[in-house]
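Colleague: Quick one: structure below, then a few questions.
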Amino acid sequence: MSLLFTPFHLLSPRGGLALSNRIVVAPMCQYAALDGAPTDWHLMHWGNLLNSGAGLFTIEATAVLPEGRITHACLGLWDDRLEAAMADTLHRARALAPATAVSIQLAHAGRKASSALPWQGAQLVQPQDGGWETFAPSALPQLPSEPPPTAMTRAHLDTVRDAFVAAALRAQRLGVDAIELHGAHGYLLHEFLSPLSNQRDDVYGGTLQNRMRYPLEVFDAVRAAYQGVLGIRISASDWVEGGWDVAQSAELAQQLKARGCDFIHVSSGGLSPAQKITLGPGYQVPFARAVREASALPTIAVGLITQAEQAESVLQAGDADLVALARGFLYDPRWGWHAAAALGGTVAGKENYWRSLPREAQAVFGPVAIGVR
């Protein structure tokens, strides 16, 4: 039997989440929001990926404060207006799809905020050009050519922590099934973890324990307030000598497990322009395995996993518990269907689509659809 198409339970002392299979749609920024709110693009995008056959769909990085957005066109969840807009769009998207678990990634972009759109260069936008002040652990810019961010004070730390909590409660009210905190790809929580971006001389900088302190404080605050499944995405390596690495990631994962973390999503990179990444199929999977072995947390592997057989092999080898794709789903929004056909699995599908399958793949949809002509 294909492991990819077996159910998986994310267990939590605050309530578990049953996934129909082990395929995850990773969060993917769409840069299509209007003043933080989802648009018709998101309705189409979410509805499409909720029909993908995945067991879990993750809404893209959603800023907990306006200044925490990567770009002016990123989603946010910092006030009542945005909560209502997201609840409405998510409700409508879910009505267009079979029952699929939904997670949301809550984020603060730190020094990588106030950026231009990717297709406009993705460089820092100055306040006089429509950007905004950025904040980080230390006054160290992402690129040498950029002005430094503002080093966060105690008041800033408290504000951001409380904003994560408030956004988590909003997410709970709008009906998501899980929350993923964004601690990867060079954004704020990752900036605290890495010695390359965190050069503070207080209790939040220096030693590994100190650099982990603020991300763990944010996690603890959200864990205390949020009643559902809670996990985190990390970059297991900066891919830079002397930066954040897999050994430190394993220690962080152990600390998170002790604090009630329910899953960990293992990516890498994004913090430094000096990174030297060795790309290849499944290039981040060894990081996921190391973190899983160190912490025993349910682990999501991601990164150039593109083929059904490749995803299956990750699970069969015990490298991870779940497998995530991002760009693969943008290229092939029915990836889950095709994987089911290749591996002998089944997925849920809306009745409108039952007749779309070629005859040899009729068994891809669940038992109720088999035999429909």
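The values are calculated or read from the model by the stated rules, or taken from the named source; none is laboratory data. Only a predicted model underlies this, so the values are computations on that prediction, with no experimental measurement involved. We place every Cβ from the backbone using ideal geometry, glycine too, and count neighbours over all the protein chains shown.
Colleague: Filter the range 229-246 down to residues that are of a type in the set (A, V, I, L, M) and not in a strand (DSSP E or B) and give me whichever is farthest from Ile59 (Cα to Cα).
Modeller: Val240
Colleague: Considering the range 115-141 alone, what residues qualify as being surrounded by 24 or more Cβ atoms within 10 Å (Cβ to Cβ) and assigned to a loop (DSSP other than H, G, I, E, B)?
Modeller: Within the range 115-141, Thr134, Pro137 meet the criteria.
Colleague: Inspect the range 72-80 for any residue being of a type in the set (A, V, I, L, M), within 24 Å of Leu188 (Cβ to Cβ), at pLDDT 95 or above and surrounded by fewer than 20 Cβ atoms within 10 Å (Cβ to Cβ) and give the result as yes or no.
Modeller: Within the range 72-80, one or more residues are of a type in the set (A, V, I, L, M), within 24 Å of Leu188 (Cβ to Cβ), at pLDDT 95 or above and surrounded by fewer than 20 Cβ atoms within 10 Å (Cβ to Cβ).
Colleague: Still on this structure: Given the condition out of contact with any Phe, Trp or Tyr (no Cβ under 6 Å at 6 or more places or on another chain) and in a loop (DSSP other than H, G, I, E, B), answer yes or no: does some residue in the range 153-168 qualify?
Modeller: Yes, the range 153-168 has at least one match.
Colleague: A follow-up question, please. If you take the residues of the range 147-156 that are surrounded by fewer than 14 Cβ atoms within 10 Å (Cβ to Cβ) and within 23 Å of Gln275 (Cβ to Cβ), which of them is modelled with the highest pLDDT?
Modeller: In this case the residue turns out to be Pro148.
Colleague: So in the range 310-331, with the set limited to residues that are touching a helix residue (DSSP H, G or I) at 6+ places or on another chain (Cβ under 7 Å) and acidic (Asp, Glu), which one is farthest from Leu279 (Cα to Cα)?
Modeller: Glu312
Colleague: Taking the criterion of being part of a strand (DSSP E or B) and under 19 Å from the mean Cα position of the chain (by Cα), would at least one residue in the range 78-97 satisfy it?
Modeller: No, the range 78-97 has no match at all.
Colleague: Which members of the range 183-211 meet the condition of being in contact with a Leu (Cβ under 9 Å, 6 or more places away or on another chain), surrounded by fewer than 20 Cβ atoms within 10 Å (Cβ to Cβ) and not in a loop (DSSP other than H, G, I, E, B)?
Modeller: Leu208
Colleague: Give all pairs with beta carbons closer than 7 Å in which a residue from the range 217-240 that is in contact (Cβ under 8 Å) with a residue 12 or more places away in the chain meets a residue that is of a type in the set (D, E, K, R) and surrounded by 24 or more Cβ atoms within 10 Å (Cβ to Cβ); count only pairs at least 6 apart in sequence or on separate chains.
Modeller: Val229/Asp262; Leu230/Asp262; Gly231/Glu180; Gly231/Asp262; Ile232/Glu180; Arg233/Glu180
Colleague: Hey, another quick one. For residues that are in contact (Cβ under 8 Å) with a residue 40 or more places away in the chain and within 19 Å of His338 (Cβ to Cβ), tally how many sit in the range 4-18.
Modeller: Count: 2.
Colleague: So, Ile305, is that one without any contact (Cβ under 8 Å) to a residue 40 or more places away in the chain, under 30 Å from Gly206 (Cβ atoms) and under 17 Å from the mean Cα position of the chain (by Cα) or not?
Modeller: no
Colleague: Another question, then. Would you call Tyr226 surrounded by fewer than 16 Cβ atoms within 10 Å (Cβ to Cβ), of a type in the set (Phe, Trp, Tyr) and over 22 Å from Leu208 (Cα atoms)?
Modeller: no
Colleague: Does Arg173 satisfy the criteria of being surrounded by fewer than 17 Cβ atoms within 10 Å (Cβ to Cβ) and in a helix (DSSP H, G or I)?
Modeller: yes
Colleague: Further, regarding this structure: Answer with yes or no whether Leu325 is surrounded by fewer than 19 Cβ atoms within 10 Å (Cβ to Cβ), under 30 Å from the mean Cα position of the chain (by Cα), under 26 Å from Ala288 (Cβ atoms) and of a type in the set (A, V, I, L, M, F, W, C).
Modeller: So Leu325 fails the test.
Colleague: Output the residues belonging to the range 14-70 that are part of a strand (DSSP E or B), touching a helix residue (DSSP H, G or I) at 6+ places or on another chain (Cβ under 7 Å) and surrounded by fewer than 24 Cβ atoms within 10 Å (Cβ to Cβ).
Modeller: The answer is Ala37, and nothing else.
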